[in-house]
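Report on the following structure.
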Amino acid sequence: MNRVDPKTVRPEQSEGSDHASNASANRHPQRERKFLKLRASGESSTTPQSPSRRTAMKQGISALATLALGETIMLIPGEAAAAPQECRTTRKELIGQRAEKRRISGDGRRKNDYKKAKIIKGVCLNCSTVCGIQGYVIDGKLVKVGGNPEDPNNGKSLCAKGQSGPTINTNAERILFPLKRVGARGEGKWKRITWDEAYTDIATRIRKAMDEGKPEEVAIQIGRSRIPEEMTRFLNAIGSPSLFNHRALCSSNKRAANYACFGDTDWETGDFANSKYILNFGSNFYEAHQGAIHVAKRIIRGRFDNGAKLVTVDVRCSNTAGRSDDWLCANPGSEGALALAMCNAIIMAGKHDAKWLDTWSNVNAAQMKVWIAKYTPEWGEGVTGIAAATIRRIALDFAAAAPAAIAFTNRGSAAHYNGFNNDRAVILLNAVVGSIGAVGGYCYGEEPTRVPGRVFPNPLPTPPSPKAKSAIEDPVEWPLANKWQRMKVGQIVYSGLKEGRGKVQVYISYTVATPMTWPEGRSLTVGVLKDEKLVPFHACSDVVYSEQAHYADLILPDASYMERWGLDTRNNMELRDYVTLRQPMIPPPGECVSFVDSMIEIGKRISPETAKYFAFKDHEEWMKIRCAGLTPRVGEDGFEYMKKHGVWQDMTKPKYYALYSWELTAAQMKGARVDEKTGDIFRANAAGKEAKIGLMVDGKARRGFATPSRKFSVYHEDIEAAAKDRKFDEDGGKGMPEYFPVPSIAKMKSEHLHLVSFKWNVHTQGRTQSQKFLTEIVHHNPMWINAKTAADRGLKTGDLVEITTYRPHGHAMGPGAGEVLGTALIPVWVTEGIHPRVLAVSNTLGNLFAGRAATATNGPRQDIPAWSDSVIAEDQDVRDDIWWDTRNGGTGAGFNINAILPIQPAPLVGMQGWYDTVCSIRKV
Amino acid sequence: MPTANPRWKLALDVERCIGCHACSVACKVENNVPLARFRTKVYYWEHGKFPDVKRNFLPTLCMQCEDAPCLKACPNDAIERFSDGIVRIDPDRCDHAAKCESACPYAAIGCDDNDIADKCDFCSHRLDAGMEPACVETCPAEVFHFGDANDPQSPYSLFMKKHGKETAVLKPEENTKPSVSYRGHAKEMEKKIPKGKLHDPFSYEIETWTSLESQFPKPKRVIWAKVVDAKPSTPTGGKS
């Protein structure tokens, strides 16, 4: 046996057989079952049919000759199909053929001839940051993507994930045909069907739910879909509110905090490049963050071109923390306490902006001084573990830099039981120093997601909002989840189905891998997805065979984001409204179809009532109709403009600095009434009800903040009312951004530790591990443990521990507080770069499927007819060179920790307390 | 605009680097660099004691040396330094002697029994089309300052005018006169770059972040305990 990759073998291990057999003897049972085993089983009862005319026309008949319709195949990890050495028998033959192309995919020695390249604009979606891209298409192949220089956020820059994009399209293990389950659910036995069968099956089931008067039982589960308007139109046409999203797993506390404080939008746009002091509470924008590259680029300019200081609060030394001027390793869940103590230090030193507070805040400077008095830096030291002197130093440096000073957050502060108030307290720091909306300060614009609908109107008729209700989509326990936007509480979908809170007849999943990425994923989620009583029908749209697809009844092979249409936007760091266009750079391969095109086809088939909302040929025509709305603004055909530039930016308005002090226009003031005593401005809305629309400040009518008082809301009456209604009587429910402890953390015993998760710079949740160049860089995720903590327990890097997690305490949590949730075995990496009581495991790795790169299984593609060399060629990289395969002495494919992270929605808002998990460990 | 006789040079402002690997992945896709092979690579170094921990990054690539050891070592004259300053390989002349890899102090050229010699050529095919090298173009942190040293307005020349005195080459003791210079790199990290051997893919592993080793043959690797059963147990009722 000589299984060792010739390029990773070292002289001292050339006794390859010994090495390989050791590795194989000790291998994880799941690793034992090696390759995606796809074999014709001959169990099919369906007669092979001809390919659909549509696809045959699109791809040519040869593309379909591989897997006959109706043929049954296995798509589960089976035993090793062949020893890796077999695929290297040609190795020596390559010598002497150096002028030939080395790679069997035929492009090893490729030199892209850019003079022949067609440049097509688009938008990345390897994470949800919405970077503009441009693809270079040479001879019909997308050979490379770069940043779209016209994109105001990222320009020509892309991160590693963005650069990896083209490898998605040519992934040798891409699903190429619609598949229907023929074995038990989760068994992995499939047969190929036509799109017509798939569409008819789905449409018939949806029609049945509608006919029964239960449209809410048609649900779509999405990850980062970035087609919200298309999704909503589809579900509205059906009459279902059941769009199950992931916002509560991502950012809902942060978004709710921004809504509560200033109301206009849910995401700040720090003016980082012009800043002098950047105080970062739990964002890892050098690696992750929403808008990572957009933010990172400007923070680097701020630091190195404008002299800004960067201070990062994090329990783990991320790349961001490790490159900051100061890393403050505060106790988990104490971020709000730290921010309040800093507010106290600033106010007590008289360094706050009293005029700003008196003018624009609903708690004025004098009231603030009284309220903040209890949150001294000394008190803060006790809660956060950060020395009072350090708290004072940073607070006063921050205030001295104001208004060119920004304090901002992301998941590190927000993904806690008290995260909503953590984030409100951090935003308050900006208000205290008067940096809200200032040059170099904490800026924001009008809600960007409303721009596409306004500038690119959807074709009429548009379906009405659904009347049906879903207790899963709108759970009463978390009244702020859907108050400002429909953020929902995504982590309770599966417990909700299991407990009978709601039902589904038709469950469609798209761009998501909930078994990997949901809390209690491989436990509760998989249990529910496998249960045909709870989920009677599951159609999954995906690009590779994911853990989500594995538990489906139908697999709809999707187009990648470089092969489909769509409008997208987000906050623009240049503080202007903008919209981008995704367009196909190349057609999808095989029988892959963009999911929106599938929704259009299904919508047409459900009934004439739904069909009328989809009276266009396809998504392209839909986009063309919408882009016509842009024509008057750009003075040329709007669709052609968007295709040419990939982006439109509204230059008619000034940049969104100090939006709250913008003057109301004459049109806005028409019919308005000014209360002479208070200076409040009222106007009757369309329903005839008077609403506050602004404030008189300095003798001018100004819009103020989009809050009930039109002022920056330190106090918020709606929060107090919601807390009272839900009998949430902790300090977090008082309406002020009070600090209150995380109950699970407060009850920790000395032997307990915190368990947190994090994201790598080269990965996005569960969906990038199939990409070889990303997984080559990060494929292994041992658990981070502090050096002293490890030494106390006799642990060194590589040792195995058993980790046990416990169910959470707190308001509206499920039963079993403090009880064991589950245990797992995982090796540790000992580092100085983590809080002594915190353990960290990345949320990304440990995929069971998704191809050879993801599962660290070197070797040939399955010798079964599911793949087609004429559609996507075999890739020599994943055949020969997966050096992280344990059989090559590699570290393997990593671990998924989400199975033992408990579902723990924060009070009122419902965001997942990702960083509140309590655990204990034992050396194995 | 480059001059009629450009001299391509690169300066990296490493203090800005965020370790994102965008340069490496851009390079892999652009040049179809196989897994376990490299034209560029970013090194990580974590150091300090809790809570004073810092992380440094060092992107590496071919230094396009004026006195290139690879060129001198090649018995077939398959490596040539062009007047534009770029050291290029003639694939038809390479007969796989692998002397170039042994000679390079920067782990920048690879030549094994499954491949011919291969290394960074500043994406010459992109330069031909008036484009920047893939790594330069994509860098979100604006680390790479590339351009024609003969053009005073090139990003390289402008950067060197401002910061030239603060730049240094890697491993100056090798005396190879690199065309690539660095500002603000951690000198210790030069030890992480192998000499006489292409980058070791194992240097991606997290356990190497704290090390200044350049090669990870088996005896130097962490022995990771095997997880016999990673499947989570079913929930039980035990109290904590």
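Peptide A:296-308 has a mean of 3 when you count, residue by residue, the C-beta atoms of other protein chains within 10 Å of its C-beta.
In whole percent, what relative contact order does chain B give with Cα contacts below 8 Å and a gap of six or more residues? With pairs under 8 Å counted, the relative contact order is 27 percent. Taking all Cα pairs closer than 8 Å and separated by 6 or more residues, the relative contact order of segment A:663-702 comes to 34 percent. Under 16 Å of direct C-alpha separation, and excluding same-chain neighbours fewer than eight residues apart, A:Lys351 reaches these lysines: A:Lys369. Chain B against chain A buries an accessible area of about 8500 Å², both chains summed, 1.4 Å probe radius. Overall, segment A:270-432 carries a charge dipole of about 200 debye about its Cα centre when +1 sits on the Cβ of Lys and Arg and -1 on the Cβ of Asp and Glu, all other atoms neutral. Put simply, the Cα atoms of segment A:680-803 extend 67, 42, 31 Å along their principal axes, the longest span coming first.
Per q in 0.11, 0.12, 0.15 1/Å, what log10 I(q)/I(0) does a Debye calculation on the alpha-carbon atoms of segment A:270-432 return? Treating every Cα as an identical point scatterer, log10 I(q)/I(0) equals -0.39, -0.47, -0.74. In segment B:129-145, the residues that give up 20 Å² or more of accessible area when the other protein chains are added, compared with the chain on its own (1.4 Å probe), are B:Ala129, B:Met131, B:Glu132, B:Glu137, B:Thr138, B:Pro140, B:Glu142. For segment A:308-378, the equivalent ellipsoid derived from the alpha-carbon gyration tensor has semi-axes of 28, 14, 10 Å in decreasing order.
Determine the alpha carbon to alpha carbon distance for each of A:Lys727/A:Lys749; A:Lys118/B:Lys9; A:Lys759/B:Lys9; A:Lys488/B:Lys28; A:Lys121/B:Lys192 and list only those over 32 Å. Could you put the intermediate results ahead of the total?
Numbers: A:Lys727/A:Lys749 28 Å; A:Lys118/B:Lys9 29 Å; A:Lys759/B:Lys9 35 Å; A:Lys488/B:Lys28 40 Å; A:Lys121/B:Lys192 39 Å.
In this structure, A:Lys759/B:Lys9; A:Lys488/B:Lys28; A:Lys121/B:Lys192 exceed 32 Å between Cα atoms.
The distance linking segment A:239-259 with segment B:107-139 is 44 Å (Cα centroid to Cα centroid, whole angstrom).
Only one residue of B:Cys111, B:Val222, B:Leu170 has its Cα farthest out toward the positive end of the dipole of chain B, where Lys and Arg carry +1 and Asp and Glu -1 on Cβ, and that residue is B:Val222. How many percent of Cα pairs in segment B:8-209 exceed 25 Å? For segment B:8-209, the share of Cα pairs beyond 25 Å comes to 33 percent. With contacts taken as Cα pairs under 8 Å at a separation of at least 6 residues, chain A carries a relative contact order of 18 percent.
Comparing Cα centroids, segment A:764-811 and segment B:26-62 end up 21 angstrom apart. Per-residue ellipticity at 222 nm, computed for the protein assembly as shown from helices alone with -39500 (n - 2.57) per DSSP H run of at least four residues, works out to -6500 deg cm²/dmol. The Cys residues in chain B with no partner Cys Cβ within less than 4.7 Å of their Cβ are B:Cys17, B:Cys20, B:Cys27, B:Cys65, B:Cys74, B:Cys94, B:Cys104, B:Cys111, B:Cys123, B:Cys139. When chain A is described by a simple charge dipole with +1 on each Lys and Arg Cβ and -1 on each Asp and Glu Cβ, the residue from A:Cys317, A:Thr514, A:Thr167 located farthest towards its positive end is A:Thr167. Relative to the dominant Cα principal axis of chain B, helix B:22-31 is inclined by about 60°.
Basic side chains Lys and Arg get +1 at the Cβ, acidic Asp and Glu get -1 at the Cβ, and with that the dipole of chain B about its Cα centre reaches some 960 debye. Segment B:166-193 and segment A:335-359 have Cα centres spaced 46 Å apart. Helix A:595-606 and the longest principal axis of the Cα set of chain A meet at an angle near 90°. Considering only A:Leu556, A:Ile406, A:Ala337, and ranking their Cα positions along the charge dipole of chain A that arises from unit charges at the beta-carbon of Lys, Arg, Asp and Glu, the one farthest toward the positive end is A:Leu556.
Could you tell me how many cubic angstrom of Cα convex hull volume segment A:402-503 has per residue?
147
Please give the average number of partner chain Cβ atoms lying within 10 Å of the Cβ of each residue in A:816-828, rounded to a whole number.
Other-chain Cβ atoms within 10 Å of each residue's Cβ, averaged: 5.
The mean number of Cβ atoms from other chains found within 10 Å of a Cβ in peptide A:875-884 is 4, as a whole number. Between A:Lys923 and A:Met669, the simple spin-label model (points 7 angstrom out along Cα→Cβ) gives 7.5 nm. Global size of the protein assembly as shown: 29.2, 92 Å for Rg and Dmax (C-alpha atoms, Rg to one decimal, Dmax whole).
Oblate is the label for segment A:663-702, because the ratio a/c of its alpha-carbon gyration tensor axes (a ≥ b ≥ c) is 1.5 or higher and a/b is not greater than b/c. Cross-link partners for A:Lys653 among the aspartates and glutamates, with Cα-Cα distance under 19 Å and sequence neighbours closer than 8 places in the same chain left out: A:Glu150, A:Asp151, A:Asp264, A:Glu268, A:Asp271, A:Glu446, A:Glu447, A:Glu574, A:Asp577, A:Glu663. Atom-type composition of the exposed protein surface of the protein assembly as shown places 51 percent of the accessible area on carbon and sulfur (1.4 angstrom probe). Model label points for B:Lys49 and B:Lys220, set 7 angstrom from Cα along the Cα-to-Cβ axis, are 2.7 nm apart. For A:Lys374, the aspartates and glutamates whose Cα falls under 18 Å of its own Cα, not counting residues fewer than eight places away in the same chain, are A:Glu335, A:Glu730, A:Asp731, A:Glu738. Against the main long axis of the alpha-carbon atoms of chain A, helix A:335-348 sits at an angle near 30°.
The residues of the protein assembly as shown expose, per residue, 33 Å² of accessible area to a 1.4 Å probe. Estimated translational diffusion coefficient (Stokes-Einstein, Kirkwood radius over Cα pairs, 20 °C, 1.002 mPa s) of segment A:204-352: 115 µm² per second.
Placing +1 on the Cβ of every Lys and Arg and -1 on the Cβ of every Asp and Glu, with nothing else charged, gives the protein assembly as shown a dipole about its Cα centre of roughly 620 debye.
The values are calculated or read from the model by the stated rules, or taken from the named source; none is laboratory data. The structure presented is a predicted model; accordingly, all values stated were derived computationally and were not measured. Glycine also receives a Cβ, built like all others from the backbone with ideal geometry; neighbour counts cover every protein chain displayed. These accessible areas exclude ligands, DNA and RNA; they are computed on the full protein's heavy atoms, side chains included. Shrake-Rupley method; radii C 1.70, N 1.55, O 1.52, S 1.80 Å.
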